[in-house]
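Data first, discussion second: the structure below is written as structure tokens.
The values are calculated or read from the model by the stated rules, or taken from the named source; none is laboratory data. Owing to the predicted nature of the structure, the values given are computational and were not obtained by experimental measurement. Note: ideal-geometry Cβ built from the backbone for every residue, glycine included; neighbour counts use all protein chains shown. The accessibility values were calculated without ligands, DNA or RNA, using every heavy atom of the protein model including side chains. Shrake-Rupley method; radii C 1.70, N 1.55, O 1.52, S 1.80 Å.
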Amino acid sequence: MDKTYDIILRPMLTESSMDLMSQKKYVFKVHPSATKPEIAKAVEAAFSVKVKDVNTANYRGKKKRVRYNYGYTAAWKKAIVTLTEDSPTIAFFDGLN
């Protein structure tokens, strides 16, 4: 992957992801082919923090029907990024709690 913003697509703002912020864990929707080291480098570059760990989960597209035709929604990947204890919080998320 080339650019930081090609890897990190958007933050995921849900109740469970808000609860994880107190543990310095942040949830992002990332490119499906991004690896854990690429995700860590992208978060460090974008937010000026130090990443301790990255956990990922792949989600398949769901089968959907539109009239007579069947298809699938897009597959996607979620990354839970844990920051080190001495790292500052990500300023983007500070006003959301």
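Observations
- Partner lysines whose Cα lies under 26 Å from the Cα of Lys24, excluding those fewer than 8 positions away in the same chain, are identified as Lys3, Lys36, Lys41, Lys50, Lys52, Lys77, Lys78.
- Calculated accessible area for the chain comes out at 70 Å² per residue, all protein chains present (probe 1.4 Å; ligands, DNA, RNA ignored).
- When a 1.4 Å probe is rolled over the protein heavy atoms, the share of accessible surface on the chain that falls to carbon and sulfur comes to 50 percent.
- Accessible surface ranking for Ser33, Ser48, Ser87, 1.4 angstrom probe, highest first: Ser48, Ser33, Ser87.
- Top positive-direction residue, dipole computed over the chain with Cβ charges, set Ala34, Asn69, Ala79: Asn69
- Each residue of segment 17-34 is assigned a 3J(HN,Hα), and the resulting list reads 6, 5, 5, 6, 4, 5, 9, 6, 10, 10, 10, 10, 8, 10, 5, x, 9, 6 Hz, derived from the Karplus form 6.51 cos²θ - 1.76 cosθ + 1.60 (θ = phi - 60°), x at Gly and Pro.
- For peptides 19-25, 5-11, sequence by mean Cβ density within 10 Å, most packed first: 5-11, 19-25
- In this structure the amide hydrogen of Ile90, modeled in the peptide plane, comes within under 5 Å of no amide hydrogen from residues 5 or more places off or on another chain.
- Proximity of backbone amide H atoms, modeled 1.01 Å from N, is registered between Lys50 and Thr84 at under 5 Å, excluding neighbours fewer than 5 places apart on the same chain.
- In a simple Cβ point-charge model (Lys, Arg +1; Asp, Glu -1; nothing else charged), segment 4-79 has a dipole of about 480 debye relative to its Cα centre.
- Hz values of 3J(HN,Hα) by residue in segment 60-68 - Karplus curve (6.51, -1.76, 1.60), Gly and Pro given as x: 6, x, 8, 6, 10, 10, 10, 6, 9
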